[in-house]
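Readers should treat all values here as calculations from the given coordinates under stated rules, not as data from a laboratory. Note that the coordinates shown come from a computational prediction; the quantities given were computed from them, not determined experimentally. Cβ: placed from backbone, ideal geometry, glycine included. Neighbour counts: every protein chain shown.
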């Protein structure tokens, strides 16, 4: 086999609850520390212990961060899935298995090299404790891979000592187990394999982090003080991270008391109610959730829209409909979120593509929510939220001042004749608000029922329409405030791709592959809703546009048809919705096939 | 049109409170409820209590949901912010508002439909959290705005206006609150202002969730014979178990009480509520006894009223979450943002 340096995929098949996640994280981080671009995807069950789980590590010297669709090295630690794991290996690949027990001879492939290592035997000889034996087997295969791939053992040792800095006893055991695997592989096989690692300098200035952590960090930096939530996969780690950061950075040094308040609500209905209550009362408040939570929040989201109350909602999307597949990824909530709630409603959405944008958009979401006085939803997904991505280290602008929007001060209220909550004095669709407790003249009555520009109850058609039309103007005005689309385009190219969120890495890789094959395509990634005028221009400029997204019903395409003047015959959908993160292959084959059909016709 | 400006008539002779305000300054818009509605009497009691307590009107946040009762927050304190949340969800909005600024006074007004049917979940969870607010349920056993369906508090065997008999057991907010650890549990009657006003005051000053269930007959749909929530029935079976006298902070307790009968409870602002028990066997500081007393008397069809249970030592939401004493919404960004150097430091953990 041809030598492939820093360009292959390792997949580890295991049983959940055995502690494999930390071993796999160790492996991935060590590659990253060797300066080699790497990405890890965790495919885990909605379960605590005993079901199959996989971790896929892609090493890519080119820096491609999407799944490639290949498996070059399979570490088959789960007898339950052995047959299908073997079938998954790409031709010419390798399969590492635990040779402590006899393997079914039937299960072999001519085009896959099998490498047996007696992992359990090695570990059992060294460790007495049952739990330790289970855990150490995982670290042992990391040692095996280190030998086979030329992974730097010193880097692994350093990582271990950082991980267990306060548990010295664990370091020795882990190092021992790793060394056992390393030595055994060295003794029994010719190392390294033709697939191997070599130090690079391509990860400087980068971090390996998940989107939920970065979104939480954004909330801390934006100055959010109230967080309300109901636990739901895959959003739970966002509030966990917020709490951790707050415990470190938000405790009053003198009193030891908290400059934040996290409320675990009884359900998502209450969570969004709390966020709206806090937003109405002038605090920056947010709730992390997923699709089922958004479904429950619909009534309140409409209330927030109509009563004009700032709120930030993180929808870490998972597979629907209904409970769906809670630990799999999808972009299935685009339409739900764009028009959430009954009546004429439309919302401001932000679409981060990776953890770095989760941080940036979290901060922007609070500014937008207060500027526009409306709920703002940040739509990431399980792939972005829970997997570790390699992203540039973020910088903080020390000059950042939160945009608290149009809020009358005590002095302004004192000096005015009369305050009308929903009057469009500036002509931009945004009225001034007042906060409770500030001044008697600021008092008004918030209602989800029909109201006029003064904030009074109304059933009068003209008065009702005046407010509703202003809300539409306000939403249209939001276009200019949202992050602009990211466009990669060259003059003269007539085929385009429009995509969103976590499809980004796969789209970029597909574009490079297609370009090498002679097919040039341009690309626009949507980052906000309502759509930027730049999107309309892009749609106008191209003869054929592929809309790449991760849902069955082409929801982004539907939004393009509803919200732009695009000719529907120009749009071709490329859809990926099985729950695994999209890979470049499906985009390449989708585009190639469509272009071939076009050429034939 | 169901909102009317109330004409401002100034009477120079009206007495002023310590803030120099008359009771007129505590009024709101004109009520659009039916003439004789119990809810309007509760609104009047609220106005009196707030005026007497010298609470600045704009220092109050009025919280409500949907229904006849929830409309009443528009009928007092015109100078205070009010919010009409979605049906049954006022407790969560109040929780968030209180999280943002713990220093305002929160008054929630809800009904039996809003709190015991659609909003039962939110009601009991706000109670469990011991959210610092006065929570009034204007309880009439019936849906008024949708014209007369039974609510979850309708008594077994009670008859609707058109003769239908309620066959499902009622949810009693007082029993519910006692069972779930409520720190202030009271019941009163819209027709007994003398009892209601001190209960409102004590509830406002209580450090935690003060539940005040007020029987408030619906004159249009539930004030007939065979209704157990009518004026006549309530008056007949009314059983005050404990009288509450509210004594503001820094004022001596003047009234003479018989030893053994009076039970003073100091509230967190220094004011005192003196509980006078009608019956020797009753102890409003003992949850189990309060529960069995209620149970015994309710079996006889009696409506037990008064400040039925109080525990001033239970910690409220902010005490439990160790929040700073200032309003979170007023903290300067510099106190909230860890800054550029810290961001660098944090991210280095992900190298």
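Annotations for the structure displayed:
- Mean-position separation - Cα centroids, segment A:428-451 and segment A:362-387, in angstrom: 24
- Virtual paramagnetic centre 7 Å along Cα→Cβ of residue B:315, amide N under 20 Å, in segment B:190-232: B:206-210
- Shape analysis of segment A:486-600 based on the Cα gyration tensor places the equivalent ellipsoid semi-axes at 19, 17, 14 Å, largest first.
- Gyration tensor verdict on segment B:38-109 (Cα atoms; rounded if a/c is under 1.5, prolate if a/b is larger than b/c, oblate otherwise): oblate
- Using alpha-carbon coordinates, inclination of helix A:211-222 to the longest axis of chain A, degrees: 40
- Nitroxide proxy distance, nm - points 7 Å out along Cα→Cβ at residue A:252 and residue A:398: 2.7
- Anisotropy class of segment A:410-480 from Cα gyration tensor, a/c 1.5 cut: oblate
- Taking B:199, A:149 and counting other C-beta atoms within 10 Å, the order from fewest to most: A:149, B:199
- Full extension of the chain segment joining residue A:344 with residue A:264 gains 25.7 nm, where the gain is 0.36 nm per residue of separation less the Cα-Cα distance.
- Shape class of segment A:4-203 from the Cα gyration tensor (axes a ≥ b ≥ c, square roots of the eigenvalues): rounded, since a/c falls below 1.5.
- Distance from the Cα centroid of segment A:547-588 to that of segment A:492-522 is 14 Å (rounded to whole angstrom).
- Taking the centroid of alpha carbons for each part, segment A:67-125 and segment B:122-161 are 63 Å apart.
- Ranked list, fewest to most other Cβ atoms within 10 Å of each Cβ, for A:563, B:167: B:167, A:563
- Cα-based helix-to-principal-axis angle, A:20-33 vs chain A, degrees rounded to 10: 90
- Chain B - mean residue ellipticity at 222 nm from DSSP helices (-39,500 (n - 2.57) per run, n ≥ 4, rounded to 500): -7500 deg cm²/dmol
- Share antiparallel - DSSP beta bridges, segment A:486-600, percent rounded to 5: 15
- Shielding by other protein chains, A:470-476, mean Cβ within 10 Å: 0
- Computed helical MRE - 222 nm, chain A, DSSP H runs ≥ 4 contributing -39500 (n - 2.57), nearest 500: -12500 deg cm²/dmol
- Scoring A:346-354, B:206-214, B:36-44, A:84-92 by mean Cβ neighbours within 10 Å over their residues and listing the highest first yields B:206-214, A:346-354, B:36-44, A:84-92.
- Estimated inter-spin distance, residue A:412 and residue A:597, nm [label 7 Å along Cα→Cβ]: 5.5
- Of A:4, A:472, the sequence from fewest to most neighbouring Cβ atoms within 10 angstrom is A:472, A:4.
- Förster-model FRET efficiency, 30 Å R0, residue A:516 and residue A:537, C-beta, rounded to 0.05: 0.60
- Cα pair distances in the protein assembly as shown, grouped into 20 Å bins until the bin that holds the longest one, percent each: 13, 38, 30, 16, 3, 0
- Beta bridge orientation in the protein assembly as shown: antiparallel %, DSSP, nearest 5: 35
- Added length on full extension, which subtracts the Cα-Cα distance from 0.36 nm per residue, residue B:24 to residue B:237: 73.2 nm
- On Cα atoms only, tilt of A:504-516 relative to the major axis of chain A in degrees: 60
- Peptide-level mean, for A:244-255, of C-beta atoms on other protein chains within 10 Å: 3
- Approximating the spin labels as points 7 Å out from Cα along Cα→Cβ, the residue A:154-to-residue A:5 distance works out to 1.9 nm.
- Size-normalised alpha-carbon gyration radius of segment B:55-96, reference 2.2 N^0.38 Å: 1.11
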